[in-house]
Amino acid sequence: MPAKSFKRTLVTSALPYTNGPVHIGHLAGAYLPADMYVRYLRLQGRDVVYVCGSDEYGAAILMQAREEKVAPQDIIDRYHPMIRDSFAKTGISFDNYSRTSLEIHTQTSQEFFQKLSEKKQFVMKREEHLYDPSAKIFLADRFVRGTCPFCGYENAYGDQCEKCGASLSPLEIKNPRSTLTDAIPELRPTTHWYLPLGKWQPQLEAYIANHSDWKPNILGQIGSWFTEGLRDRAITRDVPWGVPVPKEAADAAGVAATGKVIYVWFDAPIGYISSTREWAAKKGDPERWKRYWQDEESRLIHFIGKDNIVFHALMFPAMLMAHGEYIVPDQVPANEFLNIQGSKLSTSRGWAVWLHEYLDDFPPDLLRYVLATILPESKDSDFSWSEFQARVNNELADILGNFVNRALTFAQREFDNKVPALSAPSDADKTALAELRKFPIQIGDAYERFRFREAVHLTMNVARLGNKFFNDQAPWVTRKTDRSQCANTIHISLQICAALAVLMDPVLPFSADKLRSMLGLKGIRASTPDCDPASGIGWTEAASPLLQAGHALGRKEILFQKITNDMIESQIEKLESVEDAEPDTSYADPKSTIVYDDFTKMDLRVGRIISAEQVPKSKRLLKLQVDIGYEVRQILSGVAEHFSTEDMVGRSVVIVANLASRKMMGLESQGMLLMAEDREGKLKLVTSESESGSVVC
């Protein structure tokens, strides 16, 4: 169904886990495309609400809390503000950014659960589940690792094999072990609520058949699940962290509610509902959320990464159908993954560009633009710092920024910093204005079809149109030979700049605002929350000239600064401090065979770390002073996210003593620490009890 058939639109982005900061892979997957889309809708004057929030329950957070010996609340309170603030500084314009630890989410999830319980939509099963006798806890899916029964991968999780993609249950895993204690789990009986997805398969198949316009990656993945046949899905867990199962439902089922929580993948999408409820309450209209969730004239769109397809295209729709009072998603634009510098992004090893670190070094619009040009819309894409530099310098600065600067410079120098009049336009003038009129429709059509890379390319074509027109008309010549034609050229160039100040807003909101200030252009409809959709100059109006003759322009500035080689080298050094760019959750494959003489070329020595400190402006590097018996070496090691400085001091370690020195973050590193990496990407020091300077052989 086309978007214009709906009165209003609710847009969501996948709730990020609060067990770490967000990186640019997250941004490219679910947040930047959604923000571009909602900004476009706001400029169109459409009724749109954009919600998200932190996903603060689940096994990953509980596991991290146990490892750090802190409460789960400490973990989420650490990362929620960091994630929220990073999004805000990047211009991700949520109408509401919530968190699932709030009471409104607990209430919403329990009400939803209770409704399904009352409608007898659950199946109760008493079964034997895996129990960790050491941790004295039942093991949820992610607390179990073992061998995949389908492909033999030895490090599959209890809910899914990351190698073959098969959906699993902990009882299907061969040779299971607890991720908490590495204990071999026991089978013990427990009772849980299940959502019978198989019951809803006919309706889900009909629902998906009605959305043949969805991306092939979504339809293909869903189709394989239909072929296998949907099975009952447990939606409660025996863990101490999560939304408690409502007592009424437990009493009705004759089950003790104590220790029972709602499965995170049942409560997490309900977080979209609770965030909308929170937004409505803040607006002073607590019932307003229902218009977006329970009115058939509302459109629901989920922006996600491909790892969340099944939950948003099958499980959540089944939940909404079972409830009976909600609309179901109309679109689920799922993106593929973003790689970094040609290698898979790895948070455990720090092979990532963290959003909060990026924002310390560069303006947000540069990243927004570069990511928008390489969004993984149909296949995995790659971010490299060299391409970042090239696109900023060659496109933002040399095409868009240069055109704006030339037009404003001429207006300032030749026409008293005002818009000159257009008189007796030439055929070239008319052609340029006719071309400009086409762009709002063309770019808007790309946004409507969720073709964001195409939309950005077309937007940059507006600046290309301006540059070509400016060059062809040569105002530096006509200012002496034909003042009227020179005035026409600058008039039309400024109209193109004004159109850009609207059309570039979805991808470059900060720069668009800056350009509007430079043009003295006021009255543009905001693309941010709480804008009045009925007021101001919007998207459609950008097809027509926005500046009147004689309009006073503002103060000219450089719109985009170029990125220097030194800036890029600094960013690459951060990544190169990570010694292995692409870990696997299985043991690494053996390297090629070497001869004994190759091994003897390495000088491995025992050294004692006598001091350790964090390298300024680096989240990963530690600067170590290592006594290797005959001298003290300075060694930089990218392990700050695995070890504290206190952990390192006094340890006897093994180093490669004859490794050529290199500079990182402006500091010299005179060797390398040997580390051991387990199957989960966690690092351990290779230590020795021998004296400093001893040769390891």
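Which residues, taken from the stretch 169-184, are β-branched (Val, Ile, Thr), buried (at least 16 other Cβ atoms within 10 Å of the Cβ) and free of Cβ contacts under 8 Å to residues at least 40 places away in the same chain?
Ile173
Quick check on Tyr326: is it under 23 Å from Tyr31 (Cα atoms) and among the aromatic types (Phe, Trp, Tyr)?
Considered against the rule, which asks whether it is under 23 Å from Tyr31 (Cα atoms) and among the aromatic types (Phe, Trp, Tyr), Tyr326 comes out as no.
For the stretch 223-240, what are the residues that are surrounded by fewer than 13 Cβ atoms within 10 Å (Cβ to Cβ) and touching a Ser or Thr at 6+ places or on another chain (Cβ under 9 Å)?
Result: Glu228, single match.
Quick check on this structure: which one of Ala542, Ala499, Ala526 is under 27 Å from the mean Cα position of the chain (by Cα), under 25 Å from Ala372 (Cα atoms) and hydrophobic (A, V, I, L, M, F, W, C)?
Matching residue, one of Ala542, Ala499, Ala526: Ala526.
Among what's in the stretch 281-295 and is free of Cβ contacts under 8 Å to residues at least 40 places away in the same chain and either hydrophobic (A, V, I, L, M, F, W, C) or assigned to a helix (DSSP H, G or I) (or both), pick the residue that is surrounded by the fewest Cβ atoms within 10 Å (Cβ to Cβ).
Here the answer is Lys290.
Scan Phe452, Phe469, Phe415 and give me the residue that is touching a helix residue (DSSP H, G or I) at 6+ places or on another chain (Cβ under 8 Å), open to solvent by less than 30 Å² (accessible area, probe 1.4 Å), in contact (Cβ under 8 Å) with a residue 60 or more places away in the chain and farther than 20 Å from Phe560 by Cα.
The match here is Phe452.
Are there any pairs, at least 6 apart or on different chains, whose C-beta atoms fall under 6 Å, with the first in the stretch 249-267 and within 15 Å of Lys125 (Cβ to Cβ) and the second open to solvent by 70 Å² or more (accessible area, probe 1.4 Å), and if so, which?
Partner pairs satisfying both residue conditions: Ala253/Met124.
Do you know which residues across the stretch 502-523 are over 29 Å from the mean Cα position of the chain (by Cα) and not basic (Lys, Arg)?
Scanning the stretch 502-523 gives Ser517, Met518, Leu519, Gly520, Leu521, Gly523.
Can you tell me which condition Val255 does not meet? The list is (1) within 14 Å of Ser117 (Cα to Cα); (2) of a type in the set (A, V, I, L, M, F, W, C); (3) at pLDDT 95 or above, and all the others hold.
Of (1) within 14 Å of Ser117 (Cα to Cα); (2) of a type in the set (A, V, I, L, M, F, W, C); (3) at pLDDT 95 or above, only one is false for Val255: (3).
Out of the stretch 439-448, which residues are surrounded by 14 or more Cβ atoms within 10 Å (Cβ to Cβ) and either under 15 Å from Met504 (Cα atoms) or modelled with pLDDT under 95 (or both)?
The answer is Phe439, Pro440, Gln442, Ile443, Gly444, Ala446, Tyr447.
Quick check on my filter: what residues within the stretch 308-338 are among the acidic types (Asp, Glu) and either in a helix (DSSP H, G or I) or within 21 Å of the chain's Cα centre (by Cα) (or both)?
Correct list: Glu336 only.
So which residues in the stretch 119-139 are surrounded by 12 or more Cβ atoms within 10 Å (Cβ to Cβ) and not in a strand (DSSP E or B), if there are any at all?
If the condition is that a residue be surrounded by 12 or more Cβ atoms within 10 Å (Cβ to Cβ) and not in a strand (DSSP E or B), then Gln121, Phe122, Pro133, Ser134, Ala135, Leu139 are the ones that fit.
With modelled with pLDDT of 95 or more and among the β-branched types (Val, Ile, Thr) as the only criterion, which of Val332, Val239, Val264 stands out?
Unique residue meeting the criteria: Val332.
Considering Ser386, Ser381, Ser298, Ser343, which residue is out of contact with any helix residue (DSSP H, G or I) (no Cβ under 8 Å at 6 or more places or on another chain), touching a residue at least 12 places away in the same chain (Cβ under 8 Å) and surrounded by fewer than 21 Cβ atoms within 10 Å (Cβ to Cβ)?
Ser343 is the lone residue from the list that is out of contact with any helix residue (DSSP H, G or I) (no Cβ under 8 Å at 6 or more places or on another chain), touching a residue at least 12 places away in the same chain (Cβ under 8 Å) and surrounded by fewer than 21 Cβ atoms within 10 Å (Cβ to Cβ).
So Ala526 ticks every box in (1) of a type in the set (Gly, Ala, Ser); (2) farther than 23 Å from Asp95 by Cα; (3) touching a helix residue (DSSP H, G or I) at 6+ places or on another chain (Cβ under 8 Å) but one. Which box is left unticked?
Ala526 satisfies all of (1) of a type in the set (Gly, Ala, Ser); (2) farther than 23 Å from Asp95 by Cα; (3) touching a helix residue (DSSP H, G or I) at 6+ places or on another chain (Cβ under 8 Å) except (2).
Residue-wise test of (1) of a type in the set (A, V, I, L, M); (2) on the phi > 0 side of the Ramachandran plot; (3) touching a residue at least 40 places away in the same chain (Cβ under 8 Å); (4) surrounded by fewer than 16 Cβ atoms within 10 Å (Cβ to Cβ).
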residue: Thr478; (1), (2), (3), (4): no, no, no, no
residue: Cys486; (1), (2), (3), (4): no, no, yes, no
residue: Val502; (1), (2), (3), (4): yes, no, yes, no
residue: Leu508; (1), (2), (3), (4): yes, no, yes, no
residue: Ser511; (1), (2), (3), (4): no, no, yes, no
residue: Ser517; (1), (2), (3), (4): no, no, no, yes
residue: Gly523; (1), (2), (3), (4): no, yes, no, yes
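In this structure, is Leu187 open to solvent by 40 Å² or more (accessible area, probe 1.4 Å) and in a strand (DSSP E or B)?
Against the criterion (open to solvent by 40 Å² or more (accessible area, probe 1.4 Å) and in a strand (DSSP E or B)), Leu187 qualifies.
Failed condition for Asp85, given (1) open to solvent by 10 Å² or more (accessible area, probe 1.4 Å); (2) assigned to a helix (DSSP H, G or I); (3) under 30 Å from Arg237 (Cα atoms), with all others met?
(3)
I need the full set of residues from the stretch 281-319 which are among the aliphatic types (A, V, I, L, M) and under 19 Å from Tyr263 (Cβ atoms), in order please.
Within the stretch 281-319, Ile304, Ile309, Val310, Ala313, Leu314, Met315, Ala318, Met319 qualify.
If the requirement is being surrounded by fewer than 22 Cβ atoms within 10 Å (Cβ to Cβ) and over 25 Å from Arg453 (Cβ atoms), which of these qualifies: Pro21, Pro72?
None of the other options fit; the residue is Pro21.
Picking from Thr100, Thr108, which residue would you name as being in contact with a Gly (Cβ under 6 Å, 6 or more places away or on another chain), open to solvent by less than 70 Å² (accessible area, probe 1.4 Å) and within 23 Å of Thr258 (Cα to Cα)?
Step by step, each of Thr100, Thr108 is checked, and only Thr100 is in contact with a Gly (Cβ under 6 Å, 6 or more places away or on another chain), open to solvent by less than 70 Å² (accessible area, probe 1.4 Å) and within 23 Å of Thr258 (Cα to Cα).
Return yes when Ala474 is of a type in the set (A, V, I, L, M) and more than 32 Å from the chain's Cα centre (by Cα) and no when it is not.
Yes.
All but one of (1) over 25 Å from the mean Cα position of the chain (by Cα); (2) over 30 Å from Met63 (Cβ atoms); (3) surrounded by fewer than 21 Cβ atoms within 10 Å (Cβ to Cβ) hold for Gly220; which doesn't?
With respect to (1) over 25 Å from the mean Cα position of the chain (by Cα); (2) over 30 Å from Met63 (Cβ atoms); (3) surrounded by fewer than 21 Cβ atoms within 10 Å (Cβ to Cβ), Gly220 is out only on (1).
Which residues, taken from the stretch 364-378, are buried (at least 21 other Cβ atoms within 10 Å of the Cβ) and over 15 Å from the mean Cα position of the chain (by Cα)?
Asp365, Leu366
Check Asn308, Asn335 and return the single one that is of a type in the set (S, T, N, Q), touching a residue at least 12 places away in the same chain (Cβ under 8 Å) and farther than 25 Å from Glu111 by Cα.
On inspection, the qualifying residue turns out to be Asn335.
For the subset of the stretch 142-158 comprising residues that are open to solvent by 20 Å² or more (accessible area, probe 1.4 Å) and touching a helix residue (DSSP H, G or I) at 6+ places or on another chain (Cβ under 6 Å), which member is modelled with the highest pLDDT?
Checking each candidate, the answer is Pro149.
Can you find a residue in the stretch 249-268 that is of a type in the set (D, E, K, R), surrounded by fewer than 18 Cβ atoms within 10 Å (Cβ to Cβ) and assigned to a loop (DSSP other than H, G, I, E, B)?
So far as the stretch 249-268 goes, no, none of its residues is of a type in the set (D, E, K, R), surrounded by fewer than 18 Cβ atoms within 10 Å (Cβ to Cβ) and assigned to a loop (DSSP other than H, G, I, E, B).
Can you tell me which of Ser109, Ser98, Ser93 is assigned to a strand (DSSP E or B) and either of a type outside the set (Ser, Thr, Tyr) or at pLDDT 95 or above (or both)?
Result: Ser98 is the single residue among Ser109, Ser98, Ser93 that is assigned to a strand (DSSP E or B) and either of a type outside the set (Ser, Thr, Tyr) or at pLDDT 95 or above (or both).
The values are calculated or read from the model by the stated rules, or taken from the named source; none is laboratory data. Small disclaimer: the values here were computed from a predicted structure and weren't measured. Please note: Cβ atoms are built from the backbone with ideal geometry, for glycine as well, and neighbour counts cover all protein chains shown. Heavy atoms of the whole protein, side chains included, go into the accessibility calculation; ligands, DNA and RNA do not. Shrake-Rupley method; radii C 1.70, N 1.55, O 1.52, S 1.80 Å.
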